[in-house]
């Protein structure tokens, strides 16, 4: 009973705030409407009995949406929607795609003949998840590590205007970096 | 490895938790006020300091609210209200004695997720007012989050690693023989530093700094200010109190009941945090970010490695 | 039972005060700070957090207008205390407290809320053009399609290409694009800082252009045409006029001046404990306490500030014009030490070279130039480290003429 | 899921408390809210809306942070299985972290952790 109520409340919040992303004019509100939608989805994941995944979704999404707000506001004109102007490109198209996807998925969910659950889920899912991650193949983690390393290097190369040669001189011999603003170390 | 809630307090504790937290917080405010009065050379006396939180509460409760021109009121108010609610939810997994209000299997992750809500909350409060100084304050806090969050997560993970569990009561149980602070002093210090930074309490209070005329809180008055400032204090109390089950053995100790030891340990930690605030000027993030990434993160990773080796050694 | 009235009375015992300092009336500011400290009333950072507006001195027309704006920003319960040279501070503050506790009055005061956004916003608009001539952006430069057919007809936005003819909330325009040292074109926000900020030089207004929180351009002015004769230089002036003034008199005032500067610098750096102490000993020095009483604690304070690694690390490499913030602080501490050594010197001031006690003098233009390129927090530190007694160009020329 | 019950109730209690405080203040406040107060910058009215394209100088830090933060997703479950899997889990995780720290060192040298 309580689970049903929670399910419907969270579901409606997720859909409505997801829809609000298209309706709001302010970049800040759009981002946090998306965050509200993600948080509701995280609640639904918890309802499914996947505690770790739900909580970690909330954790990651809060961080990521705040970072996204920073970037949206940095680059989009009229970030607070003070001017009555639309900030969307191809609003009708994107709306059609998202509403269409939602409808297809919802219909699919309703029409599928879901099998009845046999057995019970493993008692300690987080533990199982850890085993799955660490289970035997070191390759997964190493590939991931190198990928993330490449991501860090690539973003640094792409996003910083001044590299080490600008900071320490052509022969990298300067004892202190020459930066417009000082830092904490070195 | 069971998933039940065997250790949780009965449900009627849920409404008691906020009351308890508010009382403790008022006490902490009073102690801080007494310390401030001493530095000023004023002779306010303990009683004078004790009524300060009440006077402040009364003042903000009757105070007039205000809305600035073209403010984003929705985000502004939601941001302010998020702070106390997030602190309260984070407190759910802190054992008050030997049992928490909610004994989650992934309690540590839950705690982390709730406190990270402060990122969104402070930024929204800073943004909402449509005021340059408050906006800068909000952004300062996001920069601060980017600096403190990784050492914070590593500190949490190190404690969980030593116990082999993400459940806070298991972490306490794993410290029966030896408090974790002994085998992970670096993680303990990193945790306290990041807990203070998360509650944007000094010396990490640049987001609401005097140089910005109050920063993110510059335009808040009346009950809005009460909720924001109260939420900040609650967050500080909860974040610091969480160090007790994570590193200081929870309610373990002779003579006193478990809740007594939790209170003593948390009180000692809070006092030292209040004292430290008076020892340092505000740390700006253009300085601290590099320190955090280049010094604190490798140190906490090394600490996790040491603890991992201890755990391996114990397993053999 | 009138619960609101009761709560008002409870709260009125500890109001938060916002002080508007009038240039040239430093003595009154110190008296107000002392009285607030004596009562244990906290100093507010901003109008939103204040209940009591204290105007320390008789403001000129420009500062009086600012005081009005700030007063309109104060939420109820609120009271205003204007103190002049001959006011009985204690009585004025008592009256303020009574006013705050008076529920009927507070309800009446706010029954007619001032229109908080006056035409001032429009008249002040010139600032945008005065400073950093608004960048040449046009609608095309934004790269965003705007829907046509907006409400038009507000002529005041001329010069703001992107927003031309669009009605903005409050009649205030939005920031416009500007070049950036990173090669990005993002908004350059025009902000007027001061004159009512915590630990801020009296009457100083800094019109800055911010990109993010970095000051890309700045312009400084002092309201009502400058600070007039400095309170801190008063014994010097009397000595110059031929009155019998001892070295001790000059040194005492100089020590108080440097303690005040130190307190304000530490206040901006938010190191409250030593800042409070510096304020306390400043008052003691001004009150004429004997050297035996104040010498040792002030020297302890100096040592504590000098030895703080954190403070050194925080102000390391922050440029302030020709020198650095760290250098300014060291100079202030050295001058304070020198003044302490001379507190009881009975020789006539005219016989001794006292330049070691002097303060850095800077013109508004020099101050503004020192801030360009600084992050906002660093800019605040620079202003506080200089803590300038600002003189207008006219005054500056006159003082040079005297030499 | 059952164990989240108290948390859900606590969320409700928290929200109700905040609403109560607001309601109490609406009842007790000495005056109705002021609307359209000017933003404070030191006493002069603002010349422009503060809402603007705010240039954060630390955007490279956010990117490095997001990359590093992904790893935490794996590290929480990892803590549970160290005793079971043993040395391979430790070696694997800390090699992974070492690679990421090398990335951080690179970012530091390039000045990406500074307010450029």
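Values for this structure:
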item: For chain A, radius of gyration divided by Kirkwood radius, i.e. Rg to Rh on alpha-carbons; result: 1.08
item: For region A:32-86 versus region B:90-104, the gap between their alpha-carbon centres in whole angstrom; result: 27 Å
item: Cβ neighbours within 10 Å from other chains - mean over C:32-38; result: 1
item: Computed Kirkwood radius, in angstrom, where 1/r is averaged over Cα pairs of region D:55-116; result: 13.1 Å
item: Within the protein assembly as shown, percent of DSSP bridges classed antiparallel, to nearest 5; result: 60 percent
item: Kirkwood-based shape ratio for region A:49-129, expressed as Rg/Rh from alpha carbons; result: 1.14
item: Protection-proxy order for peptides B:46-59, B:217-230, each taking the mean of Cβ atoms within 10 Å per residue, highest first; result: B:217-230, B:46-59
item: CD proxy at 222 nm, helix term only [per DSSP H run n ≥ 4: -39500 (n - 2.57); per residue of chain A; nearest 500]; result: -23000 deg cm²/dmol
item: log₁₀ of I(q)/I(0) at q = 0.15, 0.18, 0.19 Å⁻¹ - region C:3-109, Debye sum with one point per alpha carbon; result: -0.58, -0.83, -0.93
item: Separation of alpha-carbon centers, region D:46-101 and region C:36-73, rounded to whole Å; result: 46 Å
item: Peptide C:257-269, shielding by other chains (average Cβ, 10 Å cutoff); result: 1
item: Principal axis dimensions, region B:211-252 - Cα atoms, whole angstrom, descending; result: 44, 23, 8
item: Rg in Å to one decimal, and Dmax rounded to a whole Å, for chain B via C-alpha atoms; result: 19.6, 66
item: Kirkwood-based shape ratio for region B:65-135, expressed as Rg/Rh from alpha carbons; result: 1.16
item: Fraction in percent of alpha-carbon pairs per bin - 5 Å, region B:174-316; result: 2, 9, 14, 18, 17, 15, 11, 7, 4, 2, 1, 0, 0
item: Per residue convex hull volume, Cα atoms of region A:1-52, in Å³; result: 57 Å³
item: Using alpha-carbon coordinates, inclination of helix B:258-277 to the longest axis of chain B, degrees; result: 50 degrees
item: Between 0 and 90°, nearest 10: helix B:117-128 axis offset from chain B longest Cα axis; result: 10 degrees
item: Computed E for residue B:20/residue C:237 - FRET, C-beta separation, R0 60 angstrom, nearest 0.05; result: 0.45
item: Sites residue A:12 and residue A:173, calculated FRET efficiency, Cβ-Cβ separation with R0 60 Å, nearest 0.05; result: 0.40
item: Computed [θ] at 222 nm, helices only, for chain D once each DSSP H run of length n ≥ 4 contributes -39500 (n - 2.57); result: -21500 deg cm²/dmol
item: Gaussian network model of chain A, Cα within-10 Å springs - most flexible of A:30, A:67, A:146; result: A:146
item: Chain B: calculated mean residue ellipticity at 222 nm from DSSP helix runs of at least 4, using -39500 (n - 2.57); result: -21500 deg cm²/dmol
item: Pairwise Cα inverse-distance average, inverted: Kirkwood Rh of region C:234-358 (Å); result: 15.0 Å
item: Cα centroid separation, region C:229-248 to region A:130-186 (Å); result: 61 Å
item: Kirkwood Rh in Å, taken over chain D so that all alpha-carbon pairs contribute; result: 20.7 Å
item: Partner chain coverage, peptide B:271-277 - average Cβ within 10 angstrom; result: 1
item: Residue C:84-residue C:365 FRET efficiency (beta carbon distance; Förster radius 30 Å; 0.05 resolution); result: 0.40
item: Quarter of Cα convex hull surface for the protein assembly as shown, i.e. mean projection, nm²; result: 44.8 nm²
item: Set of region C:240-256 residues, backbone N closer than 20 Å to the point 7 Å along the Cα-Cβ line of residue C:351; result: C:240-253
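FYI, it's all coordinate maths here, none of it is from the lab. Remember, it's a predicted structure, so these values are computed and weren't measured experimentally. Cβ sites come from the backbone with ideal geometry, for glycine too, and all protein chains shown count toward neighbours.
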